[in-house]
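Each remark here refers to the structure printed beneath this line.
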Amino acid sequence: MADPTLDEAIQKPTPGLLPNLSLAELDAGEAPLEELSGLPGGGLNIAYEAVVRHAAGPLRDRVAFRFLGRKDEVAELSYGQLDEQSARFAGLLAELGVARGERVFLLAGRIPELYVAVLGALRHGAVVSPLFAAFGPEPIQARLEIGAGKVLVTTSALYKSKVKKIRAALPALEHVLVVGEPEKVAKLEGVVDLRARLAEVEPRREVAPTQPEDPALLHFTSGTTGKPKGALHVHQAVQWHRASAAWALDLHPDDVFWCTADPGWVTGMSYGIVAPLVLGLTSIVDEADFNAERWYRILAEQRVTVWYTAPTAVRMLMKVGDEAAREQDLSALRFVASVGEPLNPEAVRWGVEALGLPIHDNWWQTETGGIMIANTAAMPIKPGSMGRPLPGIEVSIVRKTPEGLSHLGAGEEGELALRRGWPSMVRTYLNEEERYQRCFVGEWYLSGDLARRDADGYVWFVGRADDVINTSGHLVGPFEVESALMEHPAVAEVGVIGKPDPVAMELVKAFVALKPGHEDSDELRQELFAFARKRLGSAVAPKELEVVAGLPKTRSGKIMRRLLKARELGLPEGDTSTLESDG
Ligand code: ATP
Ligand code: MG
């Protein structure tokens, strides 16, 4: 692969799918839906768009998912096989008496049965709610309660370690479908052996006649800022899954796509399952956890062309160094995107150096159901910016006033708001309708994130509304400070908080994790202070800095600044159900 300079790489957009659709077409709400089929008898169903219609056409034998097991074993499901298996799963739900709209929860690693269950349940008209396999029993129980889960799909190991002890407390949970070795499943009481039943059940080929506004997916938010919310999405979301993936991820029919997100959070569902299927692509699914050497090997061996990952993974790869990337043949790769947290400009530059490609940041939330703002293939990247709103998405930077909202101009910082009405918009927070309503002011959905927009329409992330620091009259976004420190060669990761201070109101404190080969010392800390002051000025640069072994993160890889703050101040930690680790 040629080694482009940073400027070449980010200034020369490649012609993507974006220019093919005019804004007027999108505003009319027609264009994306034209690419969908709709149910033959009327209505819309995600599983039909994703699998059933393809299995009846030329894509029948194309590989939909190639699963890479922990021990490098490979399993594949073609569109035709996924159609058959999902029809069997739907048949099983019918036998069990599961009605449309009832909730099917999933608690498993990235194994084929999980994907079959998602599509089978949607096909049946049930609502799918995926959980992280690594959750402990309490978060599992809390979510099953909120969603009144009737069915749970899990593995024998997870059943034994987590579900068995909470089952008696979940009266709504009628059926537990377990994947595992037959002898192991046979030893469990009150469960169904999923593999055995799928092999004998009568497939139910017809697709439930769901309407666009019928509920389809229940996703819990990451819990970064507080107690997770149960965001309910409808079948219509598929319209945006498809359109946004084509534009923001530049997906074309022959792509081999790897979305590294777990289906336990919304990225792994919208872009790890639904969008690539609707577009008829082949996706790679890796069951194993992050490992730099393994990931580079997968990119090379699977000839991945489009890769969608997260800043936390990018930072871990950066930590390992560029050599590991250079040892592999990454020549098939042509587009890389990232979501979930701010992508430091340093990471965009690293992409060009290590992968030969810049990383395209994009922004969205569980609530938006799909990508809203993106650096698309068809536009120059501004490193550090999340990009521009996708066609049909109207963004405003706002401030709440007693009268409603004031809409701010270019360069001004305020809350990032979206005009309501895009297809994949959350329709409620389950059991928390009032909290949901509070997200809206008139026609505008307020995201809880602060941002500014430049004169070219690019949106720049400032921080979570809760995380912004007020120091001596300056409002400081943690992202800006973190990005500056990330440029120092010793720094692997940074989390920045505002620490209450009698004089300055808050002072900026940075928690820094170092790259291997660097040690904490007075000298290094002084160097980091000076480094930050030079880039940020003394008003914004951190006044306190602590070197830590790792930072607290959610299971979806987000730095939990509220936890850094609570710990610093000796306050209660609040909801930690999604906390992964401190490293
Ligand atoms: P909770 O709402 O429970 O606190 P959460 O907001 O972290 O959790 P998600 O919906 O998974 O849950 O994450 C969406 C949030 O992630 C966004 O609101 C934003 O703060 C952050 N985010 C996502 N993508 C980006 C990005 N490209 N740049 C900056 N921040 C991002
Ligand atoms: Mg949120």
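Here, each number is a calculation from the coordinates, and none is a lab measurement. Keep in mind that this is a model prediction, so the values were computed, not measured. Note: ideal-geometry Cβ built from the backbone for every residue, glycine included; neighbour counts use all protein chains shown.
Below, the figures for the structure above:
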| read-out | value |
| --- | --- |
| Segment 484-583, relative contact order in percent, only Cα pairs under 8 angstrom and at least six apart counted | 27 percent |
| Separation of alpha-carbon centers, segment 470-504 and segment 508-583, rounded to whole Å | 9 Å |
| Segment 77-229, dipole about Cα centre (Lys/Arg Cβ +1, Asp/Glu Cβ -1), debye to the nearest 20 | 540 debye |
| Net +/- balance of residues flanking Leu232 in space, Cβ distance below 12 Å, scoring K and R +1, D and E -1 | -2 |
| Whole-Hz couplings from phi, Karplus 6.51/-1.76/1.60, listed for segment 478-494; x for Gly and Pro | x, 4, 4, 5, 4, 5, 5, 5, 4, 6, 6, x, 7, 9, 9, 7, 9 |
| Spin-label model distance (nm) - Ala99 vs Glu546, 7 Å beyond Cα toward Cβ | 5.3 nm |
| Anchor Lys184: lysines whose Cα lies under 28 Å away (excluding residues fewer than 8 positions away in-chain) | Lys71, Lys150, Lys160, Lys162, Lys164, Lys165 |
| Loop GluC sites (Glu not before Pro), segment 283-371, which have at most 14 other Cβ atoms in a 10 Å radius of their Cβ (DSSP) | Glu327 |
| Dipole of the chain, positive end: most advanced residue of Pro311, Leu430, Gln85 [Cβ charges, Cα centre] | Leu430 |
| Taking the chain and dividing mean pair separation by its residue count, relative contact order in percent (alpha carbons under 8 Å, at least six apart) | 13 percent |
| Gain on full stretching of the segment that runs from Lys165 to Glu568 - 0.36 nm per residue minus C-alpha separation | 141.6 nm |
| Sequence-distant aspartates and glutamates (8 or more away, or on other chains) whose Cα lies within less than 14 Å of Lys553 | Glu341, Glu493, Glu573, Asp575, Glu580, Asp582 |
| In segment 535-583, GluC sites (Glu not before Pro) in a DSSP loop with at most 15 other beta-carbon atoms within 10 Å | Glu573 |
| Ordering of 142-149, 205-212 by burial proxy (mean other Cβ atoms within 10 Å per residue, highest first) | 142-149, 205-212 |
